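The values are calculated or read from the model by the stated rules, or taken from the named source; none is laboratory data. Computed from a prediction, not measured in an experiment: that's the story for all the values here. No Cβ is skipped: glycine too gets one built from the backbone with ideal geometry, and neighbour counts run over all protein chains shown. Accessible surface is based on the protein model in full, side chains and every heavy atom, while ligands, DNA and RNA are left aside. Shrake-Rupley method; radii C 1.70, N 1.55, O 1.52, S 1.80 Å.
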Amino acid sequence: MTAEQPPAEQLPAETLAAFVAIVGEKHALTAPDDQAPYLTEWRRLYTGQTPLVLRPGSTEEVAAIMKLAHATRTPIVPYGGNTGLVGGQIAHNGEVMVSLERLNRVRSVDARGNTMVAEAGVTLASVQQAAEEAGRLFPLSIASEGTCQIGGNLATNAGGLQVLSYGNARALVLGLEVVLADGRVWNGLRALGKDNTGYDLRDLFIGSEGTLGIITAAVLKLWPRPKSKATAFIALGSLEDAGRLFEMAHGMCAGELTAFELLPRRGMDFVLRHVDGARDPFAEAHPWYALLEISSQQPDEAANTTAENMLMAAAEEGALADGVLAASLTQAADFWRLREMMSEVQLHEGGSIKNDVSVPVADLPEFIRRGMEAVEAVVPGCRPVPFGHYGDGNIHFNISQPEGMDKAAFLARWDDVAEAINKLVLEYGGSISAEHGIGYMKRDILPTVKSDVEMDMMRRIKAALDPEGILNP
Ligand code: FAD
């Protein structure tokens with residue numbers, strides 16, 4: 001927020017009334033009870049305050065809100081499904097909140113052209129379902145998909161489970177409709193695979209976390225649905241074996257390798273302890289595990305045959321300790337549940353410090369080992385649970401508190417622990433935020449990891465598109 005802006009909690013009565021008039025009283029929330037769900041994020045790390053939650057029902061209403069906000073210099077926080085993990089969707093300083101939940105229509109699906117036009121407030125699960133009903137696949141897949149919205153996914157450039165073969169959100173979109181900070185609407189809903197006419201404005205808004213404009217709709221790319229799939233759960237003797245197995249799987253399966261996830265034994269122990277019905281696929285414990293998915297456009301046993309060949313070759317090379325291919329969809333779902341619950345179960349083990357980082361994939365084994373040593377030096381007895389999207393070089397470097405330690409005392413060490421990880425990340429030329437963005441959590445760290453030239457370019461873009469500094473200040 002720039003110094004001259006009035007704090008939004010002191011919103012003049014006539015401005016507040018003008019905002020309410022745009023969406024109607026029913027969709028302008030002022031009562032604390034009505035606002036409460038919008039003001040806390042799911043881990044309860046951040047709680048906000050706002051004079052007003054607005055729920056516009058159309059792009060025109062979003063445009064009218066931004067026009068008024070621009071004229072009155074009222075700070076605005078766009079709000080999607082509230083699953084963001086860096087606090088960017090919360091009004092931390094009394095900003096007006098704009099929830100996209102009522103822009104929830106799939107405007108059209110073009111199965112032949114492999115595209116869909118969806119409004120920002122459609123949940124990711126609904127986008128996937130609309131694609132499926134048209135016999136197509138929308139490949140973005142994240143554990144929060146039932147709640148997060150496609151607008152939020154694009155605003156954060158979400159990653160998830162199939163980035164390895166389909167790319168992250170940026171790669172899944174052709175065009176955008178965006179309401180600019182001054183209320184103008186940019187209609188960039190073009191369904192073109194190629195368009196080299198000047199700067200790529202679309203890519204500016206993707207990953208900008210609501211700081212440059214409010215995304216109101218998008219042209220999404222669709223794919224043919226795979227005809228066969230194989231899911232393998234693999235036990236590994238060491239992190240180096242994870243590296244060797246990934247190289248082999250990537251080399252042998254190329255574009256068909258849709259997931260390569262890493263799980264540590266400690267995380268497995270947490271899942272087995274806290275998730276009803278979770279079962280260890282192996283009789284013995286192993287230090288690391290990989291969960292692989294292979295998707296094929298060939299029917300029947302095609303994916304299983306590819307997976308079997310790859311596993312046999314890996315076993316001959318000694319790159320795995322044990323491995324099992326899912327024999328049914330239920331068993332595949334059981335394997336995936338072990339991975340999907342890995343973040344949530346940490347809630348049951350006391351405080352958890354979360355880092356979402358990436359380094360070049362070949363450096364992962366060494367980085368993970370050094371990272372574990374580094375955080376154990378900061379908080380002796382802490383329990384690192386590094387897991388996640390190995391194939392993308394992206395690890396959720398989460399750390400659970402030492403057993404018996406006071407939770408608040410552990411969480412008070414968040415910055416020290418994050419600093420130890422981030423220092424290492426930079427040494428490997430990595431990123432301090434692979435998927436989740438900057439938000440409120442990493443805002444102050446950003447200038448320490450970006451060059452002056454990068455910060456200057458970003459500030460100039462922000463000033464050009466949002467001269468009053470009102471969007472997600
Ligand atoms: P919100 O949380 O509401 O908002 C996120 C940011 O985007 C905020 O800065 C907000 O201001 C802005 N924003 C929201 N909507 C718009 C819009 N229409 N226009 C402009 N700005 C907007 N993320 C991953 O990338 N990969 C994962 O694998 C993953 N797994 C997760 C698992 C769980 C259990 C949870 C809770 C979260 C996970 N996330 C993951 C994080 C989160 O789901 C994503 O960041 C998601 O894309 C956020 O979408 P949302 O609609 O909830 O956005």
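If you check LYS194 against the conditions, is it more than 16 Å from the ligand (Cβ to nearest atom), in contact with a helix residue (DSSP H, G or I) (Cβ under 6 Å, 6 or more places away or on another chain) and either of a type in the set (Lys, Arg) or at positive phi (or both)? Working first, answer last.
Details: more than 16 Å from the ligand (Cβ to nearest atom): yes; in contact with a helix residue (DSSP H, G or I) (Cβ under 6 Å, 6 or more places away or on another chain): no; either of a type in the set (Lys, Arg) or at positive phi (or both): yes.
Taking the combined requirement at face value, the residue does not satisfy it.
Taking only the stretch 401-428 into account, find how many residues are open to solvent by less than 60 Å² (accessible area, probe 1.4 Å) and either closer than 11 Å to VAL357 by Cα or of a type outside the set (A, V, I, L, M, F, W, C) (or both).
Qualifying residue count for the region: 8.
Of GLU366, GLU344, which residue is open to solvent by 30 Å² or more (accessible area, probe 1.4 Å), within 16 Å of the ligand (Cβ to nearest atom) and over 15 Å from ARG265 (Cα atoms)?
After ruling out the rest, the residue left standing is GLU344.
Looking at the stretch 350-390, which of its residues are touching a Pro at 6+ places or on another chain (Cβ under 6 Å) and among the small types (Gly, Ala, Ser)?
GLY381
A quick yes/no check of all residues on (1) more than 24 Å from the chain's Cα centre (by Cα); (2) under 30 Å from ARG339 (Cα atoms):
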position	(1), (2)
GLY159	no, yes
LEU172	no, yes
ARG184	yes, no
ASP203	no, no
GLY207	no, yes
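Return the pair list, or none, for Cβ contacts closer than 8 Å from residues in the stretch 426-440 that are without any contact (Cβ under 8 Å) to a residue 24 or more places away in the chain to residues that are part of a loop (DSSP other than H, G, I, E, B) and within 16 Å of the ligand (Cβ to nearest atom), at least 6 apart or on different chains.
LEU426/ILE432
Taking interchain pairs and intrachain pairs at least six residues apart, which have beta carbon atoms under 6 angstrom, with the first residue in the stretch 202-220 and closer than 16 Å to ALA69 by Cβ and the second among the polar types (S, T, N, Q)?
GLY210/ASN472; THR211/ASN472; THR216/THR59
Is there a residue being near the ligand (Cβ under 7 Å from one of its atoms) and either over 10 Å from the mean Cα position of the chain (by Cα) or open to solvent by 40 Å² or more (accessible area, probe 1.4 Å) (or both) anywhere in the stretch 124-134? Break it down stepwise before answering.
Our first condition is that a residue be near the ligand (Cβ under 7 Å from one of its atoms); within the stretch 124-134, this holds for none.
So far as the stretch 124-134 goes, no, none of its residues is near the ligand (Cβ under 7 Å from one of its atoms) and either over 10 Å from the mean Cα position of the chain (by Cα) or open to solvent by 40 Å² or more (accessible area, probe 1.4 Å) (or both).
In the stretch 155-167, which residues are more than 7 Å from the ligand (Cβ to nearest atom) and either of a type in the set (A, V, I, L, M) or out of contact with any Lys or Arg (no Cβ under 8 Å at 6 or more places or on another chain) (or both)? Even if it seems obvious, please write down each step before you answer.
Initially, the stretch 155-167 is screened for residues more than 7 Å from the ligand (Cβ to nearest atom), giving 157, 162-167.
If the condition is that a residue be more than 7 Å from the ligand (Cβ to nearest atom) and either of a type in the set (A, V, I, L, M) or out of contact with any Lys or Arg (no Cβ under 8 Å at 6 or more places or on another chain) (or both), then GLN162, VAL163, LEU164, SER165, TYR166, GLY167 are the ones that fit.
In the stretch 444-473, how many are surrounded by 14 or more Cβ atoms within 10 Å (Cβ to Cβ) and either modelled with pLDDT under 95 or within 22 Å of LEU39 (Cα to Cα) (or both)?
Going through the stretch 444-473 one residue at a time, the tally reaches 9.
Answer yes or no as to whether ALA111 is open to solvent by less than 40 Å² (accessible area, probe 1.4 Å), more than 13 Å from the ligand (Cβ to nearest atom) and not basic (Lys, Arg).
Numbers: open to solvent by less than 40 Å² (accessible area, probe 1.4 Å): yes; more than 13 Å from the ligand (Cβ to nearest atom): yes; not basic (Lys, Arg): yes.
For ALA111, the condition - open to solvent by less than 40 Å² (accessible area, probe 1.4 Å), more than 13 Å from the ligand (Cβ to nearest atom) and not basic (Lys, Arg) - is met.
Name, by its number, the condition in (1) more than 18 Å from PRO473 (Cβ to Cβ); (2) open to solvent by 30 Å² or more (accessible area, probe 1.4 Å) that does not hold for PRO56.
The single condition PRO56 does not satisfy is (2).
Can we say ALA120 is surrounded by 19 or more Cβ atoms within 10 Å (Cβ to Cβ), under 23 Å from PRO56 (Cβ atoms) and either away from the ligand (no atom under 12 Å from the Cβ) or of a type in the set (Gly, Ala, Ser) (or both)?
Criteria met by ALA120.
Just give me the residues in the stretch 34-45 being within 11 Å of the ligand (Cβ to nearest atom) and either within 28 Å of ARG105 (Cβ to Cβ) or surrounded by 14 or more Cβ atoms within 10 Å (Cβ to Cβ) (or both), in sequence order. Quick ask: steps written out before the conclusion?
Filtering the stretch 34-45 down to residues within 11 Å of the ligand (Cβ to nearest atom) leaves 38, 41-43.
Hits for the stretch 34-45 are TYR38, GLU41, TRP42.
Can GLY152 be described as under 19 Å from MET116 (Cβ atoms) and either within 12 Å of the ligand (Cβ to nearest atom) or open to solvent by 30 Å² or more (accessible area, probe 1.4 Å) (or both)?
Details: under 19 Å from MET116 (Cβ atoms): yes; either within 12 Å of the ligand (Cβ to nearest atom) or open to solvent by 30 Å² or more (accessible area, probe 1.4 Å) (or both): yes.
Yes, satisfied.
Six or more apart or on different chains, Cβ under 7 Å: which pairs go from a residue in the stretch 166-183 that's closer than 29 Å to LEU257 by Cβ and assigned to a loop (DSSP other than H, G, I, E, B) to one that's within 12 Å of the ligand (Cβ to nearest atom) and small (Gly, Ala, Ser)? Could you list them?
What qualifies is ASN168/ALA158; ASN168/GLY159.
Somewhere in the stretch 211-225, is a residue touching a Gly at 6+ places or on another chain (Cβ under 9 Å), away from the ligand (no atom under 15 Å from the Cβ) and within 30 Å of ALA314 (Cα to Cα)?
yes
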